[in-house]
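The values are calculated or read from the model by the stated rules, or taken from the named source; none is laboratory data. Keep in mind it's a predicted model, so treat the numbers as computed, not measured. Note that each Cβ is placed from the backbone with ideal geometry, even for glycine, and that neighbours are counted across all protein chains shown. Keep in mind that these areas ignore ligands, DNA and RNA; they rest on the heavy atoms of the full protein, side chains included. Shrake-Rupley method; radii C 1.70, N 1.55, O 1.52, S 1.80 Å.
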Amino acid sequence: MLSDESRMRIFTGNANPDLAREIAENLGTTVGDAVINRFNNGEVQVMINESVRGKDIFIVQPTCGPIVNDNVMELLIMADAFKRASAAHITAVIPYYGYARQDRKARGREPITAKLMADLLETAGITRVVTIDLHAAQIQGFFNVPFDHMPGQPILAEYIKSKNLEDLIVVSPDLGGVSRARTMAERLGCGMAIIDKRRPEPGVAEVMNLIGDVEGKTAVLVDDMIDTAGSLVEAAKAVKKFGAKEIYACCTHPILTDPAVSRIAQSDITEVVVTNTIPLPPSKKHPKIKVLSIAPILAETILRIYNQWSVSQLFEKHK
């Protein structure tokens, strides 16, 4: 809890206000008074209705859908408003960091949107960034301000542990997610398998082989995000084919663009465990999808930043 909230204020845009309110409740405070509307032509209008001079500002705003660009612009314009209102520090709490999937030039004439986002945030006046489970950890290097990359896995792992499942094995749905899967396997104290797949075209995954033994085991597929769920469902089919008796899936960011929910509903997956870094509208809720709150981790991170305590100790705490 905050011992002195006179210098610290939490604000939110329209991307995930429920998460912002939950973070504020964890800190024993309230969300700041701001109005984010649209002008008649669709431009974002921001009005801050309280003094922020000399204060530490934390803007909770994932850059997610349904209209990603609107949420990005809200964050940038809010940062500009606080900068011009003489805030002492402006921390962007971005639970889901959008535009992260283009983090390098994979072929000629491609943009690096993750770097572009970093430049825009710094130009707008952001002095620190907090996020959860980046799509690629090296994105931290695109920033010239302090960057706290917090893990979403601890709460996912604790939930899986609470189910007391037997014969667990963590499965990475691709070679790029091996490090993530290894960390989860260490948290759960079990083995790991890897799906070898190729992408003949963007958005299409084709399973080639399975490295490891899932025969008779409860498989836990681990990824950072689920978009259309195509890769996830194909991975579930693969581990089922190789003898897994039951399949769970964990991911931090539930993007869930159509037809993700229907694919999950019709799949062999028993349960998909996600966090609320991205809000799920009623149309995306399903009995197979379990949502856990990331608010306690973000609240403690904010508290440590505000009090100038070690954030790295929080990593140790959640090992």
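The protection proxy used here, the mean number of other Cβ atoms lying within 10 Å of each residue, ranks peptides 34-47, 173-186 as follows, highest first: 173-186, 34-47. Measure out, as a whole number of angstrom, how far apart the alpha-carbon centroids of the stretch 78-133 and the stretch 257-271 sit. That distance is 31 Å. Could you work out how far the C-alpha centroid of the stretch 36-59 sits from that of the stretch 136-195, in angstrom? So the two Cα centres are separated by 36 Å. Under the rule a/c < 1.5 gives rounded, and otherwise a/b versus b/c splits prolate from oblate, where does the stretch 86-238 land using the Cα gyration tensor? Verdict is oblate for the stretch 86-238.
For the stretch 251-300, the solvent-accessible area of protein heavy atoms averages 39 Å² per residue (probe radius 1.4 Å; ligands and nucleic acids excluded). Here the relative contact order of the chain, from alpha carbon pairs under 8 Å that lie six or more residues apart, stands at 13 percent.
Each residue of the stretch 92-105 was assigned a 3J(HN,Hα) from its phi angle through the Karplus curve 6.51 cos²θ - 1.76 cosθ + 1.60 (θ = phi - 60°); the sequence is 8, 9, 10, x, 10, 8, x, 6, 8, 6, 9, 9, 6, 8 Hz, with glycine and proline shown as x.
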